[in-house]
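Colleague: Please read through the structure below; I'll follow up with questions.
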Amino acid sequence: MNLDGLLSNIATGRCMEKPIALGISIALLTVVATSSAQQARDVAAARDATAIAAPLAPLGDSAGTWVTPAKDYAGTRYSALDKITTANVGQLKEQWSYTTGIKDGHEGQPLVVNGTMYIVTPFPDKLIAFDLSKPGPAKKWEYDPPVDPVSFGKACCDDVNRGAAYADGLIVFNTLDDHTVAVNAETGKLAWSTKLGDPNTGETMTMAPLIVNGKVIVGDSGGEMAVWGWATALDLKTGRIVWRARNTGPDRDVRIGPDFKPYYKWMQGKDLGVSSWRGQQWKIGGAAVWGWVTYDPELNLIYYGTSNPGVWNPDMRPGDNLWSVTIWARNPDTGDAKWAYQLTPHDQWDYDGVNENILADLEINGKPRKVLVHFDRNGFGYTIDRTNGEVIVAEPFKPTNWASKIDLTTGRPVVNADKETHQGRLTKNICPSSTGGKDEQPAAYSPQTKLFYVPSTNVCMDYGGIETKYISGTPYVGAAVKMYAGPGGNGARGEFLAWDATTGKKVWGITEKFPVWSGTLVTAGGVVFYGTLDGDFKAVDAKTGTVLWKTHFDSGIVGNPIAYTGPDGKQYIAVYSGVGGWMGAIVPGHLSIDDPWAALGAVGAVPDLPSVTKPGGTLHVFAVE
């Protein structure tokens, strides 16, 4: 098949036999009293965590709960619980499980508050509560939102949901058809629902909200569907829209004003969200917000990244294409931008910038720095001053050849000309592939070890741009992509690694046959948890990377593990199985392994995955026996 034929297939959806959206959302809370003794233990654990500079957590959080997607505002996914240790983790046993009945990608993570666990499924985005004081699974109630089925066919990269957040007695999550929903955590009754977009235009929602200062921060998906990307804040009590910030277009729409001070000169100027595009292309320029949001209470800034520019064919959109593939720092109360940093100007490879921005205070070159650490799809691990957007460290964490380095003086990548992509030309052996050195599956940070724990992908690609036309509500891709194993071959398509963000160096790594597509949990017990696409759930030593324990599920893992304390005082670990997401779409989508260009190229990366795992959707809960 030639490039024009491939693009025709992509544009009509024939290379995506099933939509491929993103994550399993989870909600939290209901009131079941914990014992006073357990509350005292949680307070003590929280105090100990603070002693090692644990980040500020949302209201309602304690060491034994999990009330927001990444555990805390900083996005560390660090639990101060320490009853499960390197010495006893080998005694973990599954205590109970619950099968959702939905065999699509289960991304996201459960939430736990006051003895109740909440999960959100993939489409149709059901919210389910479990009573943890009873032998599990003790289902309390289920909220089944009226989700427009049109959205199921519009989502890119699986019909996932990345989770929920809890505050003030409400569980808040997004549905695929562009609603943000708040449900009473005790009764399961709807409190409010706000419609934020139209799935008929290709706009969907898969990300997990963050609740800050009484505002629910959310964003859209659809960079492959020519959306006009945005982030929005809603009032927690009423669901009323407080502000909306576009990610391309005039400064007034992007909420750029006198307080906006980007560190690098090439991002300083008026209406760059228009002038860095050709004509009106910015109106269908993508730059969606489908990843993670973090927050610094001291600076009163939220941080999030934007997706690829639309269309994938870079020759159709000359210029830097601001503010796609950009990390934003904004005031959560007003939405006004403080600074921005574009990771991959004029993105020619679909290197979305939506991955998590983990906040930490680190000593670098003998000086304390307030930083955010970002492992980007483009293969570079960034350590950035979160007060002003200065790049302090930027080093590749996976095989990367599209650029030789990031110039720390200008902040721009030094692009290798032979890896640029163009219309009518197939550029070969670009590393990493469009799925990135890592995708949205979140890393974790331990204030004990000062290390970041990173799921990653070692896949390269051939990429060719093709002219395409915009039709509202249809894929707007304009490229054909074929992916395959990177250096090391099929036995090394993934790695779980520990990273020193002060130097940009890997400390240790565990090679995996398939890309590592789960999130990460690290605990005060010195244990790190992650899962694999072929279904292994592992516990490793946070200092050395030694595998201490593992179990196997029938379906692969793309969800994010959590730790919590049950009403019985025990420490538990919970995680979903249920393979899917972009890299795992071949399994639930039953895609043919004969077409390596299918699923926007992901089928070529893992044609052997269906032979070792199967579709599923199960919540698993473990404790030491």
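The values are calculated or read from the model by the stated rules, or taken from the named source; none is laboratory data. Quantities reported herein were computed from a predicted structural model and do not represent experimental measurements. Cβ: placed from backbone, ideal geometry, glycine included. Neighbour counts: every protein chain shown. Accessible surface areas use protein heavy atoms only, side chains included; no ligands, DNA or RNA. Shrake-Rupley method; radii C 1.70, N 1.55, O 1.52, S 1.80 Å.
Colleague: From the protein chains alone at 1.4 Å, what is the descending order of accessible area for 295, 166, largest first?
Modeller: If we order 295, 166 from most to least accessible, we get 166, 295.
Colleague: Taking the highest mean first, how do the peptides 302-311, 398-407 order by number of other beta carbon atoms within 10 angstrom per residue?
Modeller: The densest-packed peptide leads the list: 302-311, 398-407.
Colleague: For Rg and Dmax of the Cα atoms in Å, pick the label among (i) 21.9, 68; (ii) 51.0, 210; (iii) 35.9, 120 that corresponds to the value derived from the coordinates.
Modeller: Among (i) 21.9, 68; (ii) 51.0, 210; (iii) 35.9, 120, the one calculated here is (i).
Colleague: May I ask you to give the percent of accessible area on the chain that is carbon plus sulfur, with a probe radius of 1.4 Å?
Modeller: Result for the chain: 51 percent of the exposed heavy-atom area is carbon or sulfur.
Colleague: Using a ≥ b ≥ c from the Cα gyration tensor of segment 129-246 (square roots of the eigenvalues), is it rounded, prolate or oblate, where a/c under 1.5 gives rounded and otherwise the larger of a/b and b/c decides, a/b for prolate?
Modeller: Taking the square roots of the gyration eigenvalues as a ≥ b ≥ c, segment 129-246 is oblate.
Colleague: Further, regarding this structure: Which shape class applies to segment 284-413: rounded if a/c is under 1.5, otherwise prolate when a/b exceeds b/c and oblate if not, where a ≥ b ≥ c are the square roots of the Cα gyration tensor eigenvalues?
Modeller: In terms of gyration-tensor shape, oblate.
Colleague: Then there's this: Could you check the spin-label model distance between residue 275 and residue 418? Points 7 Å from the Cα along Cα→Cβ, value in nm.
Modeller: Result: 3.6 nm between the two label points.
Colleague: Rounded to two decimal places and with Rh computed the Kirkwood way over Cα pairs, what is Rg over Rh for segment 364-433?
Modeller: 1.07
Colleague: Compute the accessible area per residue over the chain, keeping the other protein chains in place, probe 1.4 Å, unit Å².
Modeller: Result: 31 Å² of accessible area for each residue.
Colleague: On the full set of protein chains, 1.4 Å probe, figure out the accessible area of residue 264 and give it in Å² to the nearest 10.
Modeller: The accessible area comes out at roughly 10 Å².
Colleague: Something else now. Run the simple label-point estimate for residue 139 and residue 544 please: 7 Å along Cα→C-beta, distance reported in nm.
Modeller: Taking the simple label geometry, residue 139 and residue 544 are separated by 4.4 nm.
Colleague: Once you keep just the Cα pairs under 8 angstrom separated by 6 or more residues, what percentage relative contact order results for segment 61-203?
Modeller: 19
Colleague: For helix 36-51, what angle does its Cα long axis make with the longest principal axis of the chain, in degrees from 0 to 90 and rounded to 10?
Modeller: Roughly 50 degrees, rounded to the nearest 10.
Colleague: From Cα pairs below 8 angstrom and at least 6 apart in sequence, can you work out the relative contact order of the chain, rounded to a whole percent?
Modeller: Normalised by residue count, the contact order of the chain is 16 percent.
Colleague: So, in Å, what gap is there between the alpha-carbon centers of segment 111-184 and segment 513-542?
Modeller: The two parts, judged by their Cα centres, are 24 Å apart.
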